[in-house]
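Asker: Below you'll find the structure I mean.
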Amino acid sequence: MENETIYWHLPGICYFGLINHVLFDTMKKFPDKFNEGYKIGSVYGTFPGAIWNGGRSIIDGHSSEAEVANIIKSYNVFGIPVRFTWTNVLLEEKHTSDEYCNMIMRVGNNGMNQVLVYSDDLEDYIRKTYPDYKVLSSTTKRILSVDRLMEEMKKDYYLVVLDYDFNHDEKVIEKLTPYADRIEILTNETCQPHCPQRSNHYKEISKCMLGESDINKLQSFCIDRTPNARSFKSCMKRPAFMSTSDIEAYSKKGFKNFKIVGRGLGQEFYIDSLIYYLVKPEHRDFIRGYFTNILTMIRSKQPKR
């Protein structure tokens with residue numbers, strides 16, 4: 001992948017904040033141990049309690065304007081955009097006036113940051129009210145028709161996140177090659193192929209964010225009940241999984257945006273994913289040990305709640 005820049009989009013603006021910042025410091029300290037030409041393209045996620053949030057992850061609570069500003073700045077200072085997951089599938093025009101979500105948008109409105117969208121109403125509102133944000137088409141749309149996908153590529157999206165069921169569809173990938181630099185690929189999806197529960201999962205999360213369903217009673221949507229079904233090792237066996245050799249092959253075709261899944265999957269899964277994708281194979285054990293030691297040291301110094 002000589003002379004190619006690959007952009008990695010990482011989860012957990014808040015939830016994995018510590019891990020992400022330790023990663024940035026580690027990449028800066030040991031650049032020779034990470035794959036050449038790899039850059040962090042964005043960190044995606046949301047702030048606690050934001051009703052525009054969607055996907056398969058809930059963060060309950062509330063952040064002050066000062067907290068929002070500090071967290072956004074902590075990424076932007078590295079030149080890394082923050083990408084808000086405004087993908088609630090049940091949003092209507094009436095929800096666009098939400099004060100909290102608009103506060104987050106105002107604070108991050110510096111021309112660097114991005115939004116993932118599902119709702120046409122919210123997308124229209126954001127384009128009119130916050131035109132400096134880059135707008136991306138979310139995988140929550142579950143676009144599984146090639147014709148629909150090609151229509152999506154003709155729209156004014158900075159990136160279109162591909163549904164994971166297309167990851168290894170050679171005919172689809174070939175058709176998308178002219179648009180390769182505007183496609184983002186999920187590399188480590190844990191869902192089963194053509195998961196029949198995925199859309200329902202999005203809807204239930206959306207209901208919870210809108211206060212229309214009880215977060216504490218949210219059912220499990222994981223079909224695979226085998227032990228460690230959502231571990232990184234199990235993920236590597238799934239048909240949609242993108243290996244490091246796949247990344248290299250796709251990058252040669254012009255695909256350069258890859259998204260690491262991790263929201264709601266836990267620290268171990270996320271760190272395993274980072275080590276596998278970003279670190280040279282011969283240095284993985286060293287970086288894992290260093291990474292773990294730094295996290296342990298920092299957490300030991302944090303005040304107990």
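Yes or no, residue by residue, for (1) more than 22 Å from the chain's Cα centre (by Cα); (2) more than 19 Å from A240 (Cβ to Cβ):
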{"position": "Y130", "(1), (2)": "no, yes"}
{"position": "K134", "(1), (2)": "no, yes"}
{"position": "R142", "(1), (2)": "no, no"}
{"position": "S145", "(1), (2)": "yes, no"}
{"position": "K154", "(1), (2)": "yes, yes"}
{"position": "V160", "(1), (2)": "no, no"}
{"position": "D165", "(1), (2)": "no, no"}
{"position": "I173", "(1), (2)": "no, no"}
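Conditions (1) modelled with pLDDT of 95 or more; (2) part of a helix (DSSP H, G or I), marked per residue:
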| site | (1), (2) |
| --- | --- |
| Y125 | yes, yes |
| L136 | yes, no |
| T140 | no, yes |
| Y157 | yes, no |
| H168 | yes, no |
| I173 | yes, yes |
| C191 | no, no |
| C195 | no, no |
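Asker: Could you tell me how many of the residues in segment 11-54 are open to solvent by less than 10 Å² (accessible area, probe 1.4 Å), touching a residue at least 60 places away in the same chain (Cβ under 8 Å) and assigned to a loop (DSSP other than H, G, I, E, B)?
Answerer: Qualifying residue count, segment 11-54: 7.
Asker: Condition (residue is open to solvent by 50 Å² or more (accessible area, probe 1.4 Å) and more than 27 Å from L90 (Cβ to Cβ)) applied to segment 148-168: is it met by at least one residue?
Answerer: There is at least one residue in segment 148-168 that is open to solvent by 50 Å² or more (accessible area, probe 1.4 Å) and more than 27 Å from L90 (Cβ to Cβ).
Asker: Hey, can you tell me all the residues within segment 275-286 that are touching a helix residue (DSSP H, G or I) at 6+ places or on another chain (Cβ under 6 Å) and part of a helix (DSSP H, G or I)?
Answerer: Matches in segment 275-286: I275, H283, R284.
Asker: Additional query: Inside segment 169-189, can you point out the residues that are open to solvent by less than 10 Å² (accessible area, probe 1.4 Å), in contact with a helix residue (DSSP H, G or I) (Cβ under 8 Å, 6 or more places away or on another chain) and closer than 25 Å to W52 by Cα?
Answerer: Selection gives I183, I185, L186, T187, N188, E189.
Asker: Continuing with this model, one more query. Whether any residue in segment 230-238 is under 27 Å from T139 (Cα atoms), part of a loop (DSSP other than H, G, I, E, B), modelled with pLDDT under 80 and open to solvent by 40 Å² or more (accessible area, probe 1.4 Å) is what I want to check.
Answerer: The answer is yes; a qualifying residue exists.
Asker: Only one of (1) open to solvent by 60 Å² or more (accessible area, probe 1.4 Å); (2) part of a loop (DSSP other than H, G, I, E, B); (3) modelled with pLDDT of 95 or more; (4) not acidic (D, E) is not met by I223, so which one is it?
Answerer: Failing condition for I223: (3).
Asker: Moving on. Restricting to segment 55-88, name every residue that is over 21 Å from H9 (Cα atoms) and either among the hydroxyl-bearing types (S, T, Y) or buried (at least 19 other Cβ atoms within 10 Å of the Cβ) (or both).
Answerer: Within segment 55-88, S63, S64 meet the criteria.
The values are calculated or read from the model by the stated rules, or taken from the named source; none is laboratory data. Computed from a predicted model, the values in this text were never measured in an experiment. Positions of Cβ are generated from backbone atoms using ideal geometry, with glycine treated the same way; all protein chains shown enter the neighbour counts. Only protein heavy atoms, including side chains, enter the accessible area calculation; ligands, DNA and RNA are left aside. Shrake-Rupley method; radii C 1.70, N 1.55, O 1.52, S 1.80 Å.
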